[in-house]
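None of the figures in this text is laboratory data; all of them are computed from the coordinates on show. Computed from a predicted structure; not experimentally measured. Cβ sites come from the backbone with ideal geometry, for glycine too, and all protein chains shown count toward neighbours.
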């Protein structure tokens, strides 16, 4: 028998629930952020904590999460650190188990960790392919699956993949990276279909050209930075905090009807550029 849905009518209590502090509230939720010691991951972890989530910040043992954890705690947020090499045997299960043991639940997974090697297609080695494939696609697949098994036993949850502008445009030197990031966004679609019955939403954030410690050399290159800025509607690079709002939307009840989507946060690159601009 088909379920009958009732019309929802606005009243004072429902109107109060639309306040941003309620709509985006993550109080009582637990999150995992991989690559949390990096330029994007640290800000995204801090954003989730600022919204009330308890966050497991994890990264490679050689990439400290101490600065991220210190910043979160200084802002009265709650987080726990967990160093883990994603390529180690059992890493995926260890990360999920750490979150559950420390917070008692798991509601949000942000697969932020990634790797890239800027090599031309003729120069890409099997080792480069295997490394990028493992970190940028296989590990997010496995970690999503491990997290979803926990979420399915509870109230559901939100899984967020970190895609890229390179899903939609081609650039020299990133053929392997772009292919796997595109695959990760397709994975978000497929997982959203399979796991909808468990109330698990799966989406992807696709950043544009961001200024982080790993991309400083790119932005300091006068030729490449000029090329990038010429195509930016905002005439500036993206900054990590530009991604936080989208992350909170997808992690919270504010995005409760959003699943299987890849959302581009790239300053208008895909919209086009004005041909009459002289600045």
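Numbers below:
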read-out: Cα centroid of segment 31-46 to Cα centroid of segment 166-193, whole Å; value: 20 Å
read-out: D (Stokes-Einstein, µm²/s), Kirkwood Cα radius, the chain, 1.306 mPa s at 10 °C; value: 81 µm²/s
read-out: Share of Cα-Cα pairs in segment 4-143 lying beyond 22 Å, as whole percent; value: 47 percent
read-out: Base-10 log of normalised Debye intensity for segment 105-238 (one unit scatterer per alpha-carbon) at q = 0.12, 0.13, 0.20 Å⁻¹; value: -0.54, -0.62, -1.13
read-out: Over segment 52-95, equivalent-ellipsoid semi-axes from the Cα gyration tensor in Å; value: 22, 12, 5
read-out: CD proxy at 222 nm, helix term only [per DSSP H run n ≥ 4: -39500 (n - 2.57); per residue of the chain; nearest 500]; value: -11000 deg cm²/dmol
read-out: Approximate spin-label separation residue 275-residue 115, in nm, with each point projected 7 Å along Cα-to-Cβ; value: 4.3 nm
